[in-house]
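The values are calculated or read from the model by the stated rules, or taken from the named source; none is laboratory data. In this text the structure is predicted, and so the values were computed from the model without any measurement. As a convention, Cβ positions derive from the backbone with ideal geometry for all residues, glycine included, and neighbour counts pool all protein chains shown. Accessible surface is based on the protein model in full, side chains and every heavy atom, while ligands, DNA and RNA are left aside. Shrake-Rupley method; radii C 1.70, N 1.55, O 1.52, S 1.80 Å.
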Amino acid sequence: MSIGGLHMPTDLFTRRTLIAAGGAVAATWVSGRLVPARAQGLAATPSMRGGSNNYIPNAPIVDRIGGGGFWMTGTVRRAGDGVPLAGQRIQIWAHTTEGYERDPHSHGATLTDANGEFRLEMPQIVPAFGQPHGHLAYDSDEFETVFLRPVMSSSQDTSLRADFVLKPA
Amino acid sequence: MRRGRTILVWSGLLAVIATPLAAAAASPLLAWRDPIYIAAGFAGIVAMILLLVQPLLIGGYLPGLPGQRGRRVHRVIGLALVTAVAIHVAGLWITSPPDVIDALLFASPTPFSDWGVIAMWAVIAAAVLAVFRRRLRLRLRTWRLGHTALVAVTVLCSVVHAILIEGTMETLSKLVLCTLVVLAAVKVVTDLRVWAIRR
């Protein structure tokens, strides 16, 4: 579709983005009311529903999961002041072209760099259980455990992003 | 003329049944699934197809299966439908237990799971009501309204469940099948005037 030279993506407002936007608005409103005194502080990321499904503790740190071709990226910051956290271990797994979520070879971990960023190559994620989605875990001792389950806006995407804001354990 | 209608209706129904199955069999997702997960998905498609056949049988719309004969086949297909749903859930459970446990507890991150689980309980309830109809000594009106209400929930929730899923079903054939399922259910309820029974 092209209107006056502007390309309109057909999935500008998917159900997912609308729900996400609604949730974000609601979350902002709720947290704003609950902690007015700490309104400037960065809130910790809560675990997502189903985030820990098929989690395997102690997945090894790897250069790449399987043959690669897909990138999982994100950042890890500290709650409150938002300082980037270096050297934090993030575990990643998904149903990909090379295996199921529960397969040990679908799991791998990586460490954040000096800017608190992480980036791990893995096989292409394919839709499983109705949605193309990935799983990430922060599961070390220093901060509270967080499980994320981001959903790809399209199963054709070749990357997925998830950001962590951690609260000391 | 009658023979022409028979051939037309049955070949039409066959095409409606075969198209979504064939389209799903061509899905690229199958390459990355094992036989149990594939069977679970296809059991879901079969269940949706049987959901279309059921009202056609009870309404006597299928040539060669009018009245009582249609009703007898409706009972057999009802059993097959519940079995298909059981295979669907069991296959998914084997594939990823935590996802199915989340769904059954209504704690899943995916809304379509809730619709599917509601449809599952509704179809089981509709079948149980049918099995115990005599023993419960239900009035015709109570039985018909009860069974119809449970089936209505089954149809509505199954359709929403299927449409929200990004899976092996091809989009257009899925939408056509879902539309026909709803239309067939609405037609039989209207034709039999289920709400007007006094007994």
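Take the conditions (1) surrounded by fewer than 20 Cβ atoms within 10 Å (Cβ to Cβ); (2) touching a strand residue (DSSP E or B) at 6+ places or on another chain (Cβ under 6 Å); A:D103 misses just one of them, which is (2).
Have a look at A:D139, A:D163, A:D113, A:D157 and point out the one that is of a type in the set (D, E, K, R), more than 14 Å from chain B (Cβ to nearest Cβ) and farther than 21 Å from A:A43 by Cβ.
A:D113
In the range A:114-135, the residue that is surrounded by the fewest Cβ atoms within 10 Å (Cβ to Cβ) out of those that are more than 23 Å from B:G167 (Cβ to Cβ) and among the aliphatic types (A, V, I, L, M) is A:A114. Scanning the range B:41-74 for residues being farther than 14 Å from B:V151 by Cβ and touching a helix residue (DSSP H, G or I) at 6+ places or on another chain (Cβ under 8 Å) gives a total of 16. Picking from residues in the range B:76-87 that are open to solvent by 60 Å² or more (accessible area, probe 1.4 Å) and within 19 Å of B:L129 (Cβ to Cβ), the one that is nearest to the other protein chains (Cβ to nearest Cβ) is B:T83.
Sub-9 Å Cβ pairs linking a first residue in the range B:19-42 that is more than 14 Å from chain A (Cβ to nearest Cβ) to a second residue that is among the basic types (K, R) and buried (at least 16 other Cβ atoms within 10 Å of the Cβ), at least 6 apart or interchain, are B:P20/B:K174; B:A23/B:K174, ordered by first then second residue.
Would the range B:88-96 turn up any residue that is surrounded by fewer than 17 Cβ atoms within 10 Å (Cβ to Cβ) and assigned to a helix (DSSP H, G or I)?
Filtering the range B:88-96 down to residues surrounded by fewer than 17 Cβ atoms within 10 Å (Cβ to Cβ) leaves B:90, B:94.
Next, only the ones that are assigned to a helix (DSSP H, G or I) stay: B:90, B:94.
Checked the range B:88-96: at least one residue is surrounded by fewer than 17 Cβ atoms within 10 Å (Cβ to Cβ) and assigned to a helix (DSSP H, G or I).
Of A:G108, A:G74, which residue is at pLDDT 95 or above, surrounded by fewer than 22 Cβ atoms within 10 Å (Cβ to Cβ) and small (G, A, S)? Answer to the check: A:G74.
Being loosely packed, with under 15 Cβ neighbours inside 10 Å, closer than 30 Å to B:V89 by Cβ and in contact (Cβ under 8 Å) with a residue 40 or more places away in the chain: is that true of A:S154 here? Please lay out each step first, then the result.
On the way: loosely packed, with under 15 Cβ neighbours inside 10 Å: yes; closer than 30 Å to B:V89 by Cβ: yes; in contact (Cβ under 8 Å) with a residue 40 or more places away in the chain: yes.
Against the criterion (loosely packed, with under 15 Cβ neighbours inside 10 Å, closer than 30 Å to B:V89 by Cβ and in contact (Cβ under 8 Å) with a residue 40 or more places away in the chain), A:S154 qualifies.
The residue list B:T110, B:T142, B:T148 contains one member that is more than 15 Å from B:M48 (Cα to Cα), crowded, with 21+ Cβ neighbours inside 10 Å and either in contact (Cβ under 8 Å) with a residue 12 or more places away in the chain or out of contact with any helix residue (DSSP H, G or I) (no Cβ under 6 Å at 6 or more places or on another chain) (or both), which is B:T110.
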